[in-house]
Amino acid sequence: MDELREKLLNMIDYTCNETFNTTNGLKSLKINDDVVDIEMYIADIENKEAQQETKNAIVRLVKLTLGYKGIKLKFIPSKLKNTIYDNNCKFLLIASGKGGVGKSNVCANLGYALTRLGKKVGIVDADIYGASIPNVLGLPRIEARGDENGNLIPFMEYNMELVSTEFFVEENRPLMWRGPMLQSMLDHFFNKTNWDPNLDYLLVDLPPGTGDVAIDLGQMLPQAKMIVVTTPHKSASYVATKAGLGAREMKLEVLGVVENMSYFINPVNNAKEEIFGAGGGKIVASNLDVDLLAQIPIGQAKNNLFESDEVIGKVYDELASKVDKLLN
Ligand SMILES: Nc1ncnc2c1ncn2[C@@H]1O[C@H](COP(=O)(O)OP(=O)(O)O)[C@@H](O)[C@H]1O
Ligand SMILES: [Mg+2]
């Protein structure tokens, strides 16, 4: 199996003339009853000739050179076709080890703070376990809108463009997302959405943990950076670290850690009260060898999102400046 994996990684994707090792293109490899089942990302699915050449070489390797009985080979397109991809848009994946740590709140508020810096921001709500960005923005249930070509038209809220998994589910009906459906949804969000071509930032609210969405996105957006959100509680830091290490495995860079619900500012004496423990963000940052970018206090926004004249809004302003500096 290891020999097979290594040899597969050394094969060439003739649609871009790079090895699958370089393109990080081996998605999955299984062997059942001496039949090898492979999923690989291919750079240019439209180039049928080069794709066939690649396929032939892999089939020869598996069946003739290594002597397996059979092979199932599936190619998945890896390149983005959207113009934002060429226009220097920065992709930020907002991740967490588990749900309920405030990932969606951090995603929306960081996005909004970036707009206050004059940046054009889009948000992909990709949390397949429960879309919460519309909720954070105070939106009622939103329905997908498309143009005549079947492309999604993003919603515009708080100066940010938004698409959401909510487009693809019926109300109150949880949906089990499986491989092809998930890929088709992500394909829609990144390739078939009429984003402003001059977006500066596209933030992605990931599902908690290290699942398929992160793996597929790691492949589709190799230049994306990840921000890991955690709470100060030490027990949360273990799973948050895992999410960050998962990203590394996909060769994604972790930009830093945001600790949310870090402390409560007592309105009586302005004392910082560490209601949910302390130190979690620092632990995760040090485990991943990155910076703790921000500590967000506990509090409610006057409206849905924090503004610059609110204490927590200022914390988000600082976070946005830091992120923008790190990425430019
Ligand atoms: N800094 C904060 N202070 C107070 N409540 C918060 C804060 N951040 C998030 N919350 C609340 O915690 C809950 C979970 O937040 P959410 O962003 O939906 O988390 P996740 O996306 O990680 O599941 C929500 O009810 C949200 O309002
Ligand atoms: Mg959420």
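At a glance:
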quantity	calculated
Among the residues listed as 200, 205, the single one being in contact with a Cys (Cβ under 6 Å, 6 or more places away or on another chain) and either within 16 Å of ligand 1 (Cβ to nearest atom) or touching a residue at least 24 places away in the same chain (Cβ under 8 Å) (or both)	205
Top-ranked residue of segment 216-235 - restricted to ones that are of a type in the set (S, T, N, Q) and more than 13 Å from the chain's Cα centre (by Cα), ranked as farthest from residue 293 (Cα to Cα)	235
Near pairs, Cβ below 7 angstrom, 6+ apart or cross-chain, from segment 129-149 (polar (S, T, N, Q)) to any residue that is within 12 Å of ligand 2 (Cβ to nearest atom)	132/104
So residue 187, is it charged (D, E, K, R), over 17 Å from the mean Cα position of the chain (by Cα) and farther than 29 Å from residue 262 by Cα	no
Candidate set: segment 109-121, residues that are surrounded by fewer than 24 Cβ atoms within 10 Å (Cβ to Cβ) and not hydrophobic (A, V, I, L, M, F, W, C); chosen: the one farthest from ligand 1 (Cβ to nearest atom)	118
Unique match (being open to solvent by less than 30 Å² (accessible area, probe 1.4 Å), more than 18 Å from residue 92 (Cα to Cα), within 14 Å of ligand 2 (Cβ to nearest atom) and under 19 Å from the mean Cα position of the chain (by Cα)) among 204, 106, 136, 213	136
Among residues of segment 209-243, those that are more than 24 Å from residue 185 (Cβ to Cβ) and touching a strand residue (DSSP E or B) at 6+ places or on another chain (Cβ under 9 Å), counted	8
Number of the condition not met by residue 270 [criteria: (1) on the phi < 0 side of the Ramachandran plot; (2) free of Cβ contacts under 8 Å to residues at least 40 places away in the same chain; (3) outside any helix (DSSP H, G or I)]	(1)
Test result for residue 73, closer than 20 Å to residue 251 by Cα and touching a strand residue (DSSP E or B) at 6+ places or on another chain (Cβ under 7 Å)	no
Given (1) in a helix (DSSP H, G or I); (2) open to solvent by less than 40 Å² (accessible area, probe 1.4 Å), index of the condition residue 301 fails	(1)
Residue in segment 65-80 that is outside the structural domain of residue 204 (by TED's automatic domain parsing), open to solvent by 50 Å² or more (accessible area, probe 1.4 Å), in a helix (DSSP H, G or I) and touching a Ser or Thr at 6+ places or on another chain (Cβ under 9 Å) present	no
Answer residue from segment 273-301, given it is at pLDDT 95 or above and among the charged types (D, E, K, R) and is nearest to residue 255 (Cα to Cα) among those	291
Members of segment 238-253 found to be outside any loop (DSSP other than H, G, I, E, B) and open to solvent by 10 Å² or more (accessible area, probe 1.4 Å), listed by number	238, 239, 241, 242, 245, 246, 248, 249, 253
Matching entry among 308, 235, 262 (being among the small types (Gly, Ala, Ser) and open to solvent by less than 30 Å² (accessible area, probe 1.4 Å))	262
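The values are calculated or read from the model by the stated rules, or taken from the named source; none is laboratory data. Predicted model only: the values in this text are computed from it and were never measured. Cβ sites come from the backbone with ideal geometry, for glycine too, and all protein chains shown count toward neighbours. In case anyone asks, the SASA skips ligands and DNA or RNA and just uses the protein heavy atoms, side chains included. Shrake-Rupley method; radii C 1.70, N 1.55, O 1.52, S 1.80 Å.
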